[in-house]
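Quick notes on the structure that follows.
Every read-out reported here was derived from the displayed coordinates using simple, explicitly stated rules and does not represent laboratory data. Predicted model only: the values in this text are computed from it and were never measured. Note that we place each Cβ from the backbone using ideal geometry, even for glycine, and neighbour counts take in every protein chain shown.
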Amino acid sequence: MELIKLLGILIVIVGFAFKLDPILIVLCASIVIAFVGGMGVNGLLDTLGKSFVANRSMAIFILIMLATGTLERNGLKEAAAKLIGKVKGATAGAVIGAYGVMRGIFAAFNVSFGGVAGFVKPIIMPMATGVIKASGKVLNEQYEDEIKGMASGMENIAWFFCQVLFVGGPGALLVQSTLNSLGYKVELIDLSKVEIPVGVFAVIVAIIYYFLKDKKLVKKYYYDNSPNKK
């Protein structure tokens, strides 16, 4: 009888072996495990509720993804590209740099926009590529790939170096507990003050680097008459 409790694992293995929908597989496995394990409907719902509360950040991420996907389907990309097209002299590097400043400020308050999938892809990328389209040029595929890398890189740099500025964030608490175990008692506000110049310097360096790189890429793909130009 104990082996029947492993039925959920079998469902997962078979489901992935036949390349079925992952969410459906996990849901079916969860329901089966709940019933063969004697949890019942009430036990299953209670467990799901506790897991939802214990992992609120993941739940919020899912909600952001659903909201972003709905907006994207209803013209979010087109609206973002149209907006940046009205700004004279804008470049993809400038758009990414401006996003880096905004991302760093909000990261300091531990505010997330959904990361690369939730914000960079549906909003920042259309704005960055919209600059080229607004100038009447055809978007080069290789240049677009480079922009994707730069936008994602800016997201990671600004979030990584600026989220530790938030007093009481998990990173700051980890550093504080580690230092306390070594005999160094520090306040969270002091840790935040130390990290401010590091975060600012990291974002500024990233902005300069991506701005210069974008100018080089534009010259390469749109103004360079070499044989490699497409």
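Here are the numbers for the structure shown:
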quantity: Ranked list, fewest to most other Cβ atoms within 10 Å of each Cβ, for 124, 132; calculated: 132, 124
quantity: Ordering of 156-166, 183-193, 199-209 by burial proxy (mean other Cβ atoms within 10 Å per residue, highest first); calculated: 156-166, 199-209, 183-193
quantity: Total charge dipole magnitude, the stretch 77-223, about the Cα centre, Cβ charges on Lys, Arg, Asp, Glu only, Debye to nearest 20; calculated: 640
quantity: Of 121/220; 148/220; 133/220; 133/219; 133/213, pairs whose Cα-Cα distance is over 22 Å; calculated: 121/220
quantity: Extension reserve of the residue 222-residue 174 stretch, reckoned as 0.36 nm per residue once the Cα distance is removed; calculated: 12.5 nm
quantity: Theoretical FRET efficiency, 1/(1+(r/R0)^6), r = Cβ-Cβ of residue 20 and residue 111, R0 45 Å, to 0.05; calculated: 0.75
quantity: Sequence of 116, 194 once ranked by neighbouring C-beta atoms within 10 Å, starting from the fewest; calculated: 194, 116
quantity: Residue 209 paired with residue 42, simple spin-label distance in nm, labels 7 Å along Cα-to-beta-carbon; calculated: 5.7
quantity: Extension reserve of the residue 181-residue 138 stretch, reckoned as 0.36 nm per residue once the Cα distance is removed; calculated: 9.7 nm
